[in-house]
Every structure is written in structure tokens, then in C-alpha cells.
Amino acid sequence: MGEAKITAILLNYKREQNLREILQALGETGLVPEVIVWNNNPATRLRGGAAVKVINAAHNFKAYARYAAAFLAANDLILFQDDDLVLRPDDLAALHRQLTDDPGRICGIAGRNLTDGAYSQEPAFGEVDIVLGRFMLFSKQLLASVYGEMLKLTPIERGDDIAFSLLTGVKHIAPRTPWKELDGADEHALWRHSDHYTKRQMMVDRVIALKAT
């Protein structure tokens, strides 16, 4: 899998000004020949091209829309990336090498752990239970292995990254990797909602119950 290429799936919601910088960084890696932008902002219509395909949604389907876009990916590796951060090309290349050496896990830039079934709000690095959905790099095969179980949890308002991470049944990897926060990183962030962590714990509970059956 050392030469496996990446399809990047970018979620956009009212941060169109960040896309150019993200696309430039992805292009400079030489690893991302295909980008799919899922535009969750019905008030704005984006235009794509040959290498950047755009899906303009008439409704905000939130984060789990990216799993629908994953069906369209042409490459063996998939990157889920939010529109409020960017990595340096060399750092993405390092994560790509890590994943190709160990393709049975999700690779990301930050994670969370569980303690006796309780979702921790503390950032976690190294081996983690959950890779945060802001940046998840993984094989198409790994997603395929849990897709049927994820469908049982839809529609997912919050915690798709929890569902994906936990349903695999393995620990994932989030090496300490620098990233740059972009404009609007806080303004439209879901974590600012008062019920954010309550809903994330609810997803943990749902996944644990699903696995028990």
C-alpha cells in the first residue's frame, strides 16, 4: 500500500475562504489526486473542476454527509478533513507513511479515550480509542468493514467519528502533529454547543449497546 493515493473529502460550512489554502496544501503533497468538497451551506454554491469535485447540498447534513461522499472516492485511502484547519504537506505525508505501514487503523491528529465507557473531553495522542473527525486518514477497506453497522446508527447528528472509531474494535493512532487553525475555527464549531459532549456520550452508549447485540 506504500503508493496508495488519497481521496480527500472536505466538509464546508460557511468557511469557503479557507478552501484555497487547504487545496493548495493537499496538492503539494503529490498524494491527493482527487478532492471531493461537500458543501453543507445551501446559501452558497461552489464550483469545482476535474480534480476538485463539488457537491452542493440543499440542506446541512452535518458531518455524517462525508460517509456518503466516501462512496464516490476513486482511491484506496480516504481523508476526512474539516474546513477550519490545514496541515503542512510534509506532515500529511508522514501520516500517510504511518497509515500505509499499519492500514488496519485510523490515523489522525488528535483523539479521545474512554474510561469505563465514559467519553473523556481531554485531548489524547498516540494510541487512542477515538480519532477526532476533524482529520481522519484511513483505508477504504476499513470503512467498508463497519459501514453496515454504522447504517444502523443513522441518521447521526453528532459523533460519527466515535461510531467509526469504536466499531472497528481496534485502537487507532494520533501522533502529535502540528496543524494550523484557519478562519472561523471557533465561530461555527459544534463543540461550542452546550449539549455537544452530552450527545457524544450518547453515541458512545449507542455503539456499546450495538456491539453488545
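A quick yes/no check of all residues on (1) among the acidic types (Asp, Glu); (2) in contact with a Pro (Cβ under 9 Å, 6 or more places away or on another chain); (3) at positive phi:
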| site | (1), (2), (3) |
| --- | --- |
| VAL52 | no, no, no |
| ALA57 | no, yes, no |
| ASN60 | no, yes, no |
| PHE80 | no, no, no |
| ASP83 | yes, no, no |
| VAL86 | no, no, no |
| ALA94 | no, yes, no |
| ARG97 | no, no, no |
Just one of ARG45, ARG66 is basic (Lys, Arg) and surrounded by fewer than 20 Cβ atoms within 10 Å (Cβ to Cβ); which is it?
-> ARG45
Return a yes/no flag: does the range 71-94 have any residue that is of a type in the set (Lys, Arg) and within 15 Å of the chain's Cα centre (by Cα).
-> no
Please determine, by comparing only the residues of the range 2-13 that are in a loop (DSSP other than H, G, I, E, B) and modelled with pLDDT of 90 or more, which one is nearest to VAL35 (Cα to Cα).
-> LYS5
Within the range 14-42, how many residues turn out to be assigned to a helix (DSSP H, G or I), of a type in the set (Asp, Glu) and at pLDDT 95 or above?
-> 2
Select from the range 113-139 the residues that are of a type in the set (D, E, K, R) and touching a Leu at 6+ places or on another chain (Cβ under 7 Å) and write down the one among them that is nearest to ASP195 (Cα to Cα).
-> ARG134
Restricting attention to the range 57-69, does a residue exist that is touching a residue at least 60 places away in the same chain (Cβ under 8 Å), in contact with a Ser or Thr (Cβ under 8 Å, 6 or more places away or on another chain) and of a type outside the set (Asp, Glu)?
-> yes
Failed item, numbered, when LEU114 is tested on (1) touching an Asp or Glu at 6+ places or on another chain (Cβ under 7 Å); (2) buried (at least 20 other Cβ atoms within 10 Å of the Cβ); (3) not small (Gly, Ala, Ser) = (2)
Select from the range 190-213 the residues that are hydrophobic (A, V, I, L, M, F, W, C) and modelled with pLDDT of 95 or more and list them in ascending order.
-> MET202, MET203, VAL204, VAL207, ILE208, ALA209, LEU210
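The values are calculated or read from the model by the stated rules, or taken from the named source; none is laboratory data. Bear in mind that the values here come from a model prediction, so they are computed numbers and not experimental data. Cβ: placed from backbone, ideal geometry, glycine included. Neighbour counts: every protein chain shown.
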